[in-house]
Amino acid sequence: MAKPSASADSSSCGFEDFLPLMANKLGGEGLVDELCNGFNVLMDREKGVITFDSLKKNSALLGLHDLSDEDLRCMVREGDFDGDGALNQMEFCVLMFRLSPELMEASRFLLEQAFQHELKDFL
Ligand SMILES: [Ca+2]
């Protein structure tokens, strides 16, 4: 049976559900740290990026037992901005924020601070 080739609505991915859970447990700042830890857990240690294979191998370590192969593929596809088929740390964090409005809300202040800091160099 053929898999649907058109990119599915990202809200159909099942892996976003665990983020609000983590946010509740850790709080905003803890969550950002945890995202970076999460990246380190999920990445392919030789390549330094998250691939479908490293995700499949390591996702259980983060308690993501219920994700299907399609969810994992979806996760990589959604987050891969430069098209190399893998997620670097920045792509991973941006993906996590995009997928969780709550997380975005919690981190808006931090992001604004970061942007303002960046902008100062240009103004
Ligand atoms: Ca990439």
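A few comments on the model shown:
- The phi-based Karplus calculation (6.51 cos²θ - 1.76 cosθ + 1.60; θ = phi - 60°) puts the 3J(HN,Hα) values of the range 80-87 at 7, 7, 8, x, 8, x, 9, 10 Hz, whole numbers, x for Gly and Pro.
- Restricting the range 40-102 to trypsin sites (Lys or Arg not before Pro) in coil, as DSSP defines it, with at most 14 other Cβ within 10 Å: 45, 47
- Under the Karplus curve 6.51 cos²θ - 1.76 cosθ + 1.60, θ = phi - 60°, whole-Hz ³J(HN,Hα) for the range 49-65, x wherever Gly or Pro sits: 9, 8, 10, 4, 5, 5, 5, 5, 5, 9, 5, 4, 5, 9, x, 9, 6
FYI, it's all coordinate maths here, none of it is from the lab. Treat the numbers as computed from the prediction; the structure is a model and nothing was measured. Backbone-built Cβ (ideal geometry, glycine too); neighbour counts: all protein chains shown.
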